[in-house]
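The values are calculated or read from the model by the stated rules, or taken from the named source; none is laboratory data. Since the structure is predicted, the reported quantities are computational estimates derived from the model, not experimental observations. Note that we place each Cβ from the backbone using ideal geometry, even for glycine, and neighbour counts take in every protein chain shown. The accessibility values were calculated without ligands, DNA or RNA, using every heavy atom of the protein model including side chains. Shrake-Rupley method; radii C 1.70, N 1.55, O 1.52, S 1.80 Å.
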Amino acid sequence: MFRKISLLVAAVMVMASCATKPAQQPDVQVGTYTISVVTDNVYHIQDYNDANPAGETFDADGNLTHFNNCSDMYLLVGKEKSLLIDLSNRIDWADNAVESLQKLVAERIGNTKLQITFTHNHGDHTGMLPAFVSNPDVQFLLPRVDFDRMRNRFPQSQTEMYEDGYSFDLGGMTVSTKLVPGHTPGSVVFFLDGQNIAFTGDAVGSGHGVWIFDRSGFRNYAKAVPELVEYIEARKDIKPAKLQLLGGHYWQKDWLTLKEGEPVMGMPYLYEMRDLIEQINAGTAETEPSNLSNPTLDTYFKNGNAIVVWNAQFAAELLLNE
């Protein structure tokens, strides 16, 4: 049986993961955020602290007593530029969230120019835009598919749109992009070139599954995941066995069953997701009611650690249209 997600879960949540943190570099709290080190000059920032822990807490009777749909950001610091991927939830449970985020970013980027981008256009990944939108020194680089119609939210003179395959040159560190539509039409995965690390947002889920909201979303996802696998396997700078997928909601990792030494998410997870899509298309996938409040998301389709949260009727229609 799958563990049930509380009905209080916000409308968008999907998968997260993180690299193993060096033992000599413990997590650091700055106001409303907790920061850990992924690798040299790469930071994982989560919107929680001791006063508001990440995820769900239950009492002895199984009743939900606390919930924080913690969302993750990743800060990459090059020699000339820094890149902040995503802006987490809009924090309304503390008064110092804006100042905390500004402070922790400024302390780590030094004199490099800050660029901000997003894995996709959902509120739990764009929520802290107010912390930077009025800063004339920040550049916003936005994936066009999800953000073209929302560009008026960003300062025109500081904003550029980019297409699939765009590359960020941060100086001694480059980041390439791969469009993986499904969760949203423009979900993007960011690869830290030469490092066996990718930042996936909600594109392939974070433990509680990748949420697919309509028929076209699943059609896009069913095509995008096999293409993602092929893309990774074709890149000479990536060793698939060592690849770590760092997602958008690390707290959901408690749903994953991992082998010793296996990354929270990696290629085994993607292979299971690719196979799950085939099973859904064939009508053979293991299923269970999700008990979520959104009728479109009424079913968990599962294969190993891979979960697609979608609609049973929509899936049945796939077979009827064969």
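Pairs spanning more than 24 Å between alpha-carbon atoms, out of Lys236/Lys302; Lys81/Lys253; Lys113/Lys242; Lys236/Lys259; Lys178/Lys239; Lys81/Lys103: Lys236/Lys302; Lys81/Lys253; Lys113/Lys242; Lys236/Lys259.
Using alpha-carbon positions, what is the distance between the centroids of the stretch 174-188 and the stretch 247-304, in Å? First find each Cα centre; the distance between them is then 19 Å.
Compactness of the chain is given as radius of gyration and Dmax, 18.9, 58 Å, from Cα positions.
Rg over Rh for the stretch 126-279 works out to 0.98, both radii taken from alpha-carbon positions and Rh defined as the Kirkwood radius.
How big is D, in µm² s⁻¹, for the stretch 261-322 by Stokes-Einstein at 4 °C and 1.567 mPa s if Rh is the Kirkwood radius over C-alpha pairs?
Estimated via Stokes-Einstein, D reaches 106 µm²/s.
Of all the options Glu272, Glu227, Glu260, the one that moves most in a Gaussian network model of the chain with Cα springs shorter than 10 angstrom is Glu260. Of all the options Tyr74, Tyr250, Tyr271, the one that moves most in a Gaussian network model of the chain with Cα springs shorter than 10 angstrom is Tyr271.
Here the accessible area of the stretch 130-283 is 46 percent carbon and sulfur, with a 1.4 angstrom probe and all protein chains present.
Electrostatic tally near Thr32: other residues with Cβ closer than 10 Å to its Cβ, Lys and Arg +1, Asp and Glu -1, net -3. With a cut-off of 13 Å between beta carbons, the residues surrounding Gly78 carry a summed charge of 0, where Lys and Arg count +1 and Asp and Glu -1. Per-residue 3J(HN,Hα) values for the stretch 265-272, derived from phi via the Karplus relation 6.51 cos²θ - 1.76 cosθ + 1.60 with θ = phi - 60°, read 9, x, 4, x, 5, 5, 5, 5 Hz in sequence order (x marks Gly and Pro).
Find the accessible area per residue for the chain; the probe is 1.4 Å, ligands and nucleic acids are left out, and the unit is Å².
Heavy-atom accessible area per residue stands at 43 Å².
Among residues other than Asp237 with Cβ under 14 Å from its Cβ, the summed charge is +3 (Lys and Arg +1, Asp and Glu -1).
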